[in-house]
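Visitor: There's a structure below that I have some questions on.
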Amino acid sequence: MRVNPNSLKPNLSIYQVLKRPILTEKALALLNQNNKKKYVFEINRDASKVDVKNAVEKLFNVKVEKVNIINIPEKTTYYRSRYKFQSNRNIYYRHKTKSYKKAIITLKEGYKIDFVENLLEKK
């Protein structure tokens, strides 16, 4: 990662911006919605909308219409376990999920990302 001395934000290469595609039920519903193709990716915490747009256009040879970015905060979850030696006592454990940043990318009509489409066909 190179740092530009004139700015506080590090310069990210296009390979550092996108981390992975997110293939949840909600993301698949966005993908199949109307004629607009919307893809969801987990992105670097320091990436901006312009960084994401440039990375997607260069990596997948598509035209991006719009980029929406969402910060997902960490969440605390609790789970219960039985104590081994006393059957009537429960022990509660606390676990924190990681925080991350995701981008919803809307492509112009007629474009699609074959990489994600091929992943969906394999499932």
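Visitor: Could you tell me which of the residues SER81, SER87 is in a loop (DSSP other than H, G, I, E, B), more than 17 Å from PRO21 (Cβ to Cβ) and at pLDDT below 75? Outline the logic, then answer.
Guide: Working: SER81 fails: in a loop (DSSP other than H, G, I, E, B).
Just a single option satisfies the conditions, and that option is SER87.
Visitor: Could I ask something else about it? Taking ILE43 as the residue in question, decide whether it is more than 18 Å from PHE115 (Cα to Cα) and in contact (Cβ under 8 Å) with a residue 24 or more places away in the chain. Lay out the reasoning, then the answer.
Guide: Numbers: more than 18 Å from PHE115 (Cα to Cα): no; in contact (Cβ under 8 Å) with a residue 24 or more places away in the chain: yes.
Considered against the rule, which asks whether it is more than 18 Å from PHE115 (Cα to Cα) and in contact (Cβ under 8 Å) with a residue 24 or more places away in the chain, ILE43 comes out as no.
Visitor: Moving on to the next point. Could you please give the count of residues in the stretch 42-83 that are basic (Lys, Arg) and buried (at least 16 other Cβ atoms within 10 Å of the Cβ)?
Guide: In the first step, residues of the stretch 42-83 are kept if they are basic (Lys, Arg); the result is 45, 49, 53, 58, 63, 66, 75, 80, 82.
Those still in the list that are buried (at least 16 other Cβ atoms within 10 Å of the Cβ) too: 53.
Count: 1.
Visitor: Can I ask one more? Residues being within 17 Å of LYS101 (Cβ to Cβ) and either surrounded by fewer than 15 Cβ atoms within 10 Å (Cβ to Cβ) or hydrophobic (A, V, I, L, M, F, W, C) (or both): count how many of those fall in the stretch 31-41.
Guide: Qualifying residue count for the region: 2.
The values are calculated or read from the model by the stated rules, or taken from the named source; none is laboratory data. From a predicted model like this one, the values you see are computed outputs, not experimental measurements. Quick reminder, even Gly has a Cβ in these numbers, built from the backbone with ideal geometry, and neighbours come from all protein chains shown.
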